[in-house]
Amino acid sequence: MSLDKRTVRDADVRGKRVLVRCDFNVPLENGEITDDRRIVEALPTIRLLLDQGAIVILASHLGRPKGISPEFSLAPVARRLSQLLDLEVPLLPDAIGATVEARVRSMKPGEVVLLENVRFHPEEEANNPAFARSLASLADIYVNDAFGTAHRAHASTEGVARLLPAYAGFLIEKEIEFLGRALETPGRPFVAVLGGAKVKDKIAVIDSLLPKVDRLLIGGGMAFTFLKSQGLEIGRSLLDEGSLSYAASVLSSAGSKILLPEDVVVARELSETAATEIVKVEAIPPDAIGADIGPRSAAQFAKVVRQAGTVVWNGPMGVFEMKPFEAGTRAVARALAECSGTTIVGGGDSAAAIELFGFADKVSHVSTGGGASLEFLEGKELPGIAALQNA
């Protein structure tokens with residue numbers, strides 16, 4: 001699937017001021033960036049604009065600040081961008097206002113600045129028209145390259161796109177191409193691996209993917225709701241009670257298409273030092289918590305994944321952040337790396353896991369958008385992309 005929107009390639013940007021909405025919502029520890037992948041993914045679009053003589057104004061959010069908050073400043077991002085571009089990227093003191101406008105007016109072609117966190121203004125998430133107009137007034141052209149927030153109709157993702165000639169950046173183009181192709185013309189067998197906590201968060205994805213996939217593998221916390229719906233004891237494992245009847249009906253209609261774990265790793269507590277036990281799913285002790293798929297399940301899941309023509313993975317197989325419960329997620333990550341088909345990791349925790357286990361560069365595509373990739377797989381229209389100019 002190709003993006004049916006005009007891209008940054010179609011824009012004449014020489015000497016023009018271009019507002020680029022990026023997704024620089026990166027993880028920070030003590031003010032230092034711990035994973036800069038989202039910044040790196042934005043570089044092709046930024047470099048093209050600079051090479052073509054544009055004046056580049058970058059905008060992003062970071063975290064969920066309640067008003068202006070120094071811990072959510074984009075200063076660490078400006079420093080990292082300056083290193084990666086080998087060019088000074090000044091951080092402006094705000095996203096809008098007279099100081100920002102004056103600074104942008106003084107810029108020359110080939111220069112770049114970063115606006116301060118757009119979410120310091122509550123008007124951003126409210127998609128406030130006046131705030132969108134203030135952002136749009138800084139530029140002649142708008143480029144959206146923030147796939148991670150494309151499912152949000154905010155001022156900097158959707159509002160501005162209605163006010164300026166609006167194009168897609170290379171990252172959005174790449175995301176749509178990979179995810180779209182998986183849904184429309186997947187290599188067979190087409191396998192989806194779903195994990196994570198709650199079934200209700202994945203109902204729309206399951207409904208969208210089931211008719212398209214050859215196999216659907218279900219692990220993680222959500223697997224226990226499916227097991228419980230079959231009348232099995234799940235102890236103190238995660239249960240999404242409201243989704244029990246849904247899980248039962250999906251299992252009865254999908255038949256052998258769905259693969260559930262046959263064994264699990266259980267513990268009495270979730271900790272780095274927890275004593276673990278491997279049990280069949282029919283033998284989960286009433287006082288135990290299921291925290292990972294077991295070795296037999298991991299081997300079975302890995303075999304199906306390795307033989308796939310297309311794999312989409314969204315959601316870990318267990319509490320992979322803790323050593324005793326990481327093996328199932330690691331096995332799936334490794335199998336994706338060893339699969340010769342198209343392998344797509346759908347953002348969020350799965351992206352963090354494949355990065356942690358060192359397989360990120362061995363898969364076809366790691367999505368930068370957890371929620372956005374999920375909604376795309378659900379077949380929903382993403383407002384930040386819908387608002388761009390049609391090709």
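Just so it is clear, none of the values below were taken in a lab; they were calculated from the coordinates. Because the structure is a prediction, the values reported are computed rather than measured. We place every Cβ from the backbone using ideal geometry, glycine too, and count neighbours over all the protein chains shown.
The peptide list 30-36, 349-355, 382-388, put in order of mean Cβ contacts within 10 Å with the highest first, becomes 349-355, 382-388, 30-36. Centre-to-centre separation between the Cα atoms of the stretch 313-389 and those of the stretch 78-103: 31 Å.
Extending 7 Å from Cα along the Cβ direction at ARG188 and again at SER256 yields two label points whose distance is 1.6 nm. Give the calculated FRET efficiency between GLU277 and LEU210 to the nearest 0.05, with a Förster radius of 30 Å applied to their Cβ-Cβ distance. With R0 = 30 Å, the Cβ-Cβ based efficiency is 0.35. Excluding same-chain neighbours fewer than eight residues apart, the aspartates and glutamates reachable from LYS16 by a Cα-Cα span under 19 Å are ASP51, GLU101, GLU111, ASP140, ASP145. For the chain, taking the reciprocal of the average inverse distance between every pair of different Cα atoms yields a Kirkwood hydrodynamic radius of 22.0 Å. A compact globular protein would have a Cα radius of gyration near 2.2 N^0.38 Å; the ratio found for the stretch 8-173 is 0.92. For the stretch 186-299, relative contact order (Cα pairs under 8 Å, six or more residues apart, normalised by length) works out to 27 percent. Work out the P(r) tail for the stretch 205-265: percent of alpha carbon pairs separated by more than 14 Å, whole number. Looking at the stretch 205-265, the distances longer than 14 Å represent 54 percent of pairs. Springs between alpha-carbon atoms under 10 Å, Gaussian network over the chain: tell me which of ALA98, ALA182, ALA360 tops the mean-square fluctuations. Greatest mean-square fluctuation among the candidates belongs to ALA98. For the listed peptides 292-301, 313-322, a ranking on the average number of other beta carbons within 10 Å per residue, highest first, reads 313-322, 292-301. Taking THR368, THR343, THR273 as the candidate residues, the one with maximal mean-square fluctuation in a Gaussian network model of the chain, Cα springs under 10 Å, is THR273. Label sites at LYS108 and GLN83, each approximated as a point 7 angstrom past Cα along Cα to Cβ, lie 2.8 nm apart.
Evaluated with a Cβ-only charge set (Lys, Arg +1; Asp, Glu -1), the chain carries a dipole of roughly 700 debye about its Cα centre, given to the nearest 20. Projecting the Cα positions of LEU84, LEU164, ASN144 onto the charge dipole of the chain (unit charges on Cβ atoms of Lys, Arg, Asp and Glu, taken about the Cα centre) puts LEU164 furthest along the positive direction.
Do any of LYS200/LYS228; LYS174/LYS303; LYS202/LYS380 go past 20 Å between their Cα atoms, and which? Pairs exceeding 20 Å: LYS174/LYS303. Here the stretch 249-391 is treated with +1 on each Lys and Arg Cβ and -1 on each Asp and Glu Cβ, and its dipole about the Cα centre works out to around 480 debye. Convex hull volume of the Cα atoms of the stretch 186-377, normalised per residue: 98 Å³.
For the residues GLU326, GLU177, GLU116, a GNM of the chain with alpha-carbon springs under 10 Å puts the largest fluctuation on GLU177.
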